[in-house]
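Report on one structure; see the data block that follows.
Readers should treat all values here as calculations from the given coordinates under stated rules, not as data from a laboratory. Bear in mind the structure is a predicted one, so any value in this text is a computation, not a measurement. FYI the Cβ positions are ideal-geometry reconstructions off the backbone, even for glycines, and counts take in every protein chain you see.
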Amino acid sequence: MADTQQVDAKAAEKADRKAAKLAKQIGAFSKAHGGAEGQVAYLGQRGARIALVGEDGEWGNLVAPTYDIAQKAVEKSGITVHEDFDGEFAAKVRTGRYEWTRMAGIQVGGPSNT
């Protein structure tokens, strides 16, 4: 039974370190973009995605190995977390030429994604 407790303690310690590392990355993004808000989305076995939107409209993503680690990371970072990526939160995202030509551009005669 002692071996199980050691394994559990090591796993918890590893999860805490990963959450702290993600929180540091979130904090750096927030600082670089005048503040940030986020949303955590479950990705299945892959883990969870932390979508970030800066106050300047810039955006980015981080992936955590589990949903719980992602939740701990956003809590440690102190950013505002939204339940959904819609409405006013989604409207804050500033898209540029790259996004229009690479994603939406395919449907309107832009270059392909290959």
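The table that follows gives values for the structure above.
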quantity	calculated
Gaussian network model of the chain, Cα within-10 Å springs - most flexible of 80, 95, 66	95
For residue 33, distant residues with modelled amide H under 5 Å away	none
Spherically averaged projected area of region 36-89 from its Cα convex hull (nm²)	3.5
Angle between the chain longest axis and helix 2-32 axis [Cα atoms, degrees, rounded to 10]	30
Cross-link partners of residue 31 among lysines (Cα-Cα below 18 Å; sequence separation of 8 or more within a chain)	21, 76, 92
Relative contact order (%) - the chain, alpha-carbon pairs under 8 angstrom, separation at least six	23
Inter-label distance, nm, simple model (7 Å from Cα along the C-beta direction), residue 94/residue 45	4.0
Top of 46, 17, 97 by mean-square fluctuation, Gaussian network on the chain, Cα under 10 Å	97
Top of 45, 25, 71 by mean-square fluctuation, Gaussian network on the chain, Cα under 10 Å	45
Rounded to the nearest 20 debye, dipole of the chain from Cβ charges on Lys, Arg, Asp, Glu	500
Within the chain, helix-based [θ] at 222 nm, where runs of 4 or more DSSP H residues each add -39,500 (n - 2.57), nearest 500	-15000 deg cm²/dmol
Calculated P(r) over Cα pairs in 10 Å bins from 0, in percent (choose from (i) 13, 38, 28, 16, 5, 1; (ii) 14, 51, 30, 5, 0; (iii) 14, 35, 29, 15, 5, 2, 0), label	(iii)
Region 15-64 - charge dipole about Cα centre, Lys and Arg +1 at Cβ, Asp and Glu -1, debye rounded to 20	380
Residues residue 76 and residue 13, FRET efficiency given R0 of 22 Å [Cβ-Cβ distance, rounded to 0.05]	0.90
